[in-house]
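The values are calculated or read from the model by the stated rules, or taken from the named source; none is laboratory data. Everything quoted here is computed from the prediction, not taken from an experiment. No Cβ is skipped: glycine too gets one built from the backbone with ideal geometry, and neighbour counts run over all protein chains shown.
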Amino acid sequence: MSSLLFPALLLVGPAVQAFGIAGQYHPYGLTPSTWYQPDSHPVHALFRRASKDDGVAYASVGSPEWSKGFPADPGSMQNMPQAWLDALNKAVAAGKIPDVPVTTTPPGSNPTYPDGYDPMSPDVCSATYQCRIPDDIWDGPDGYLSLSFDDGPLPPSPTLYKFLKQKDQHATHFYIGTNILQHPDCFKMAWDNQDDIAVHTWTHPYMTTKTNEEVLVELGWTMQLIHNSTGGRVPKYWRPPYGDSDMRVRAIAKEVLGLTTVIWNQDTNDWSLSDPVPITSMDNIATQMHTWLTGPKKPGLIILEHELSNQSVQAFIDAWDLVVSNGWKTTSVAQMGGSSAYQNSWNATSPVTQAKVADLSVHPPPAQAVASTT
Ligand SMILES: *[C@@H]1O[C@H](CO)[C@@H](O)[C@H](O)[C@H]1NC(C)=O
Ligand SMILES: *[C@@H]1O[C@H](CO)[C@@H](O)[C@H](O)[C@H]1NC(C)=O
Ligand SMILES: *[C@@H]1O[C@H](CO)[C@@H](O)[C@H](O)[C@H]1NC(C)=O
Ligand SMILES: [Zn+2]
């Protein structure tokens with residue numbers, strides 16, 4: 001897994017420069033040659049940037065040509081590109097995808113493994129059961145609130161986007177593929193704001209209930225749609241719906257598609273606010289936010305929030321003054337700790353390459369980087 005080594009190796013050079021010279025967290029002062037790295041990860045062959053030189057262009061977001069190649073039947077394997085399947089089979093044959101059985105979801109309970117498989121064991125390590133898998137991201141860098149929102153783009157999203165823009169903030173949006181197809185204007189608004197777009201699967205299932213091939217298409221189609229809608233960027237992060245991932249699902253995301261899994265360390269349950277019987281309330285979230293935002297800054301916060309309803313958006317907006325008054329530094333989840341937002345581009349405006357863009361840091365950032373920011 002050479003791709004994981006790049007961040008560490010680069011610390012000696014660019015990270016010192018990025019964090020040291022200016023005396024603040026500012027990863028952008030580097031010339032392209034310092035942070036483009038060749039990479040042999042299969043993902044770069046699967047999502048090649050269309051080039052005007054080849055006479056290929058991306059259809060404009062929202063047009064019929066843009067949406068027509070994507071599956072109407074979400075679970076359909078029929079038109080999965082053969083190259084995706086080949087890459088999966090190759091990873092399986094190389095022993096890179098742990099043979100963890102799929103779960104079942106008895107009504108009202110967490111995904112359940114067959115007898116003999118402990119969700120907390122290192123071989124299974126289910127995030128649903130709070131088992132933290134090495135290299136997955138649960139915590140933010142010390143002192144940072146890392147912004148992210150799940151389940152969009154949806155009609156409540158523009159209110160959030162206007163607010164973020166007004167406050168000069170950028171967030172990571174873990175988007176559902178089918179929602180992008182249905183709300184292209186909301187998508188464009190986030191993209192125009194130069195926010196970071198990441199993957200929240202095509203249809204929002206419990207991913208551990210899915211076969212290897214199903215996991216692949218849930219992630220692959222969402223990546224393809226984001227790729228085709230962002231000038232050829234390859235998403236770098238995904239968040240499993242319900243936080244449901246394990247060693248097998250994570251390995252497919254990482255080994256075949258180059259995706260890093262992001263969970264969270266605080267949960268508002270704001271997804272339920274618009275339900276007939278919510279399991280939380282605006283008051284309750286305000287109390288939680290107060291506790292978290294006036295609390296310790298080590299580790300930094302990654303709060304699970306949704307752009308799912310007007311209420312869930314409002315719950316974030318209501319908490320914003322506390323973010324500012326308590327001195328939290330803010331960044332998108334994708335760019336926290338000095339990371340690029342995409343596998344082949346730094347962010348929404350920087351150049352797109354045919355290969356990997358190296359991180360400037362690791363998650364969480366090294367002590368020297370934190371020290372120079374405080
Ligand atoms: C993505 O964009 C490329 C380049 O325009 C195009 O060839 C491909 O068909 C698009 N994919 C889908 C699923 O529409
Ligand atoms: C959400 O807010 C928007 C903008 O204020 C409003 O147009 C819409 O009706 C609201 N939706 C619901 C379900 O309350
Ligand atoms: C994107 O990166 C460029 C440098 O590559 C920087 O100038 C710009 O501010 C960044 N944009 C955002 C939204 O972070
Ligand atoms: Zn979700």
Handout entry: Hey, SER229 away from ligand 1 (no atom under 16 Å from the Cβ) and touching a residue at least 24 places away in the same chain (Cβ under 8 Å) or not
Key = no
Practice task
May I ask you to verify whether TRP346 is surrounded by fewer than 21 Cβ atoms within 10 Å (Cβ to Cβ) and either within 16 Å of ligand 3 (Cβ to nearest atom) or at pLDDT 90 or above (or both)?
Solution key: no
Problem - segment 191-217, residues that are within 16 Å of ligand 3 (Cβ to nearest atom), in contact (Cβ under 8 Å) with a residue 24 or more places away in the chain and out of contact with any Leu (no Cβ under 9 Å at 6 or more places or on another chain) - result: TRP191, GLN194, ASP196, ILE197
Practice task
Restricting attention to helices (runs of 4 or more DSSP H) lying wholly within segment 63-169, give those where 3 or more residues are in contact with a helix residue (DSSP H, G or I) (Cβ under 8 Å, 6 or more places away or on another chain) and more than 16 Å from ligand 3 (Cβ to nearest atom).
Solution key: 82-93, 157-166
Practice task
Test MET282 against the criterion of being more than 16 Å from ligand 4 (Cβ to nearest atom) and either buried (at least 21 other Cβ atoms within 10 Å of the Cβ) or under 30 Å from ALA91 (Cα atoms) (or both), and give yes or no.
Solution key: no
Fill in the blank from the handout: VAL277 passes all but one of the listed conditions (1) in a loop (DSSP other than H, G, I, E, B); (2) more than 16 Å from ligand 4 (Cβ to nearest atom); (3) under 30 Å from ARG233 (Cβ atoms); the exception is number (3)
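Would you please name the residue that is farthest from ligand 2 (Cβ to nearest atom), looking only at residues in segment 65-87 that are among the small types (Gly, Ala, Ser) and modelled with pLDDT under 80? Working first, answer last.
First, pick out the residues of segment 65-87 that are among the small types (Gly, Ala, Ser): 67, 69, 72, 75-76, 83, 87.
From what's left, modelled with pLDDT under 80: 72, 75-76.
Details: ALA72: 26, GLY75: 29, SER76: 31 Å.
Among those residues, the one meeting the criterion is SER76.
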Exercise for the section: Of the numbered conditions (1) within 16 Å of ligand 2 (Cβ to nearest atom); (2) under 18 Å from LEU160 (Cβ atoms), ASP321 fails exactly one; give the number of that condition. Expected result: (1)
Completion exercise
PRO235 vs (1) closer than 22 Å to PRO134 by Cα; (2) within 16 Å of ligand 4 (Cβ to nearest atom); (3) more than 15 Å from the chain's Cα centre (by Cα): all pass except (3)
